[in-house]
Amino acid sequence: MSTVLITGARAPVAVDLARSFAAAGYAVHLADSVTGWAARLSSAVTATHRLPPPRTDFQGFAAALRALVAALDPVAIIPTCEEVFYVAAAGLDDRALVPPPGVLGTLHSKIAFAAHARAIGVTTPETWRITSRAELDAAPVEPDDLVLKPEFSRFATHSLIRPTRAQVDAIDFVPTIPWAAQRFVAGEELCLWSFARSGRLVASVVYRPIWRHGRAAAYAFERVACPAAIEIARAMAAADHLTGHLSFDLIVTPDGTPVPIECNPRAVSGLHLFDAQPDLARAMLGDGDAHACDGLRYLGPAMLLLGLPAAIAAKRMGDLARDIGRGRDVIGRSGDRFPILGAMLDATGFAAHALMARQAAAGATTADIEWNGEAIG
């Protein structure tokens, strides 16, 4: 039986991807620098492996990853989270389904991505690099018509949408940590996940966040039809001859134009909309195309831990009940329910780490793997 190695075992998408490969007949090994209990408890996962944290010990991470690849001899190595930057820099062969580090950096940068997309004919908001109050004051747009966010950031935790003067004044600009100042685009927010092989999209889906934690990642999402957004992903994958994940946050303007506002070269929630079917695994290995499923999907534990309090506070219990009834849980799929318990353990562990480190819970989930533009190695 052939083997596949998936990194980022902490992520629910990694577990669902493991299910796809197991259904396609592969032995699936998952690896991460933390213990991913959802992955360990999944019947689709052959084994999990612990690696050093790449952000603080890249040399140890790279050596351990290379040793694991030598031992397993997988047909593919597929990152799912921000460890993708470190996997790309680890000196693996072409079984690692990742873009080159330079391409990854361009896609991850909220400044460079906008310019790169425009260069290949994709409409993106005007974006300025800001490192000081003077540079922001010199921008040709008032702050209340801008979106401000650090160049390398995640979960929208520091994003300021059409900020007030008081919010702008509170920013402590540091020359080595640029911010992106982006012209505000009005419309509906959608998301896209896709996977490419040698510049060709083999899987792609556009989806609407239904329930989300603040402005962070959605924990309930629904497929929508937006062919124009998929064409943007197709154009960018071809331009970069991309192999790997390609994900966008988009705004669809009132006239129906999708405008990518940022890019994530990693897996996002849309992967769950392929329902862990084997055609997704085969497509990612270059055998045909995969097609997403219709309907709403959700992360069951998050609907309980986050959705229930949010619904009570907003007096939306009826909406929550209807969405649970019409959707499907992607954490505890039929025949593989134990990841529900694992996900609860994972959430508890990250929350405890955040408390001890005095940081936001979302930040704790990526603290050891995130990449913010610094040199690797």
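Here, each number is a calculation from the coordinates, and none is a lab measurement. Quantities reported herein were computed from a predicted structural model and do not represent experimental measurements. Using ideal geometry, Cβ is built from the backbone for each residue, glycine included, and neighbour counts are taken over all protein chains shown.
Taken about its Cα centre, the chain carries a charge dipole of about 720 debye when Lys and Arg each add +1 at the Cβ and Asp and Glu each add -1 at the Cβ.
The residue among 375, 106, 58 whose Cα reaches farthest toward the positive pole of the charge dipole of the chain, with charges on the beta-carbon of Lys, Arg, Asp and Glu, is 58.
I'd like to compare 260-271, 330-341: which one has the highest average count of other Cβ atoms within 10 Å, and what's the full order after that? Let's see the in-between values first.
Details: 260-271: 24.1, 330-341: 18.5.
Per-residue Cβ counts within 10 Å, averaged per peptide and sorted highest first, yield 260-271, 330-341.
Residues 82, 151 in ascending order of nearby Cβ atoms (within 10 Å, fewest first): 151, 82. Note on the stretch 126-183: dipole from Cβ charges, positive end direction compared against 179, 152, 140; the farthest Cα belongs to 152. Global dimensions of the chain from alpha-carbon coordinates: Rg and Dmax equal 20.0, 61 Å.
Annotation: for a label point projected 7 angstrom from Cα along Cα→Cβ of residue 372, residues of the stretch 132-157 with backbone N closer than 19 Å are 132-133, 148-157. Put a dot 7 Å past the Cα of residue 35, heading toward its Cβ, do the same for residue 162, and the two dots end up 4.8 nm apart.
Per-residue counts of other Cβ atoms within 10 Å, averaged by peptide: what ranking do you get for 238-245, 54-61, highest first?
Details: 238-245: 20.9, 54-61: 18.0.
Top of the packing list down: 238-245, 54-61.
The distance linking the stretch 271-332 with the stretch 29-69 is 25 Å (Cα centroid to Cα centroid, whole angstrom).
Projecting the Cα atoms of 71, 214, 276 onto the dipole axis of the chain, where Lys and Arg carry +1 and Asp and Glu carry -1 at the beta carbon, places 276 farthest toward the positive end. Rounded to the nearest whole angstrom, the semi-axes of the ellipsoid equivalent to the stretch 187-332, taken from the Cα gyration tensor as √(5λ), stand at 28, 18, 12, largest first. In plain terms, the residue of 75, 15 with the fewest other Cβ atoms within 10 Å comes first and the most crowded comes last, giving 75, 15.
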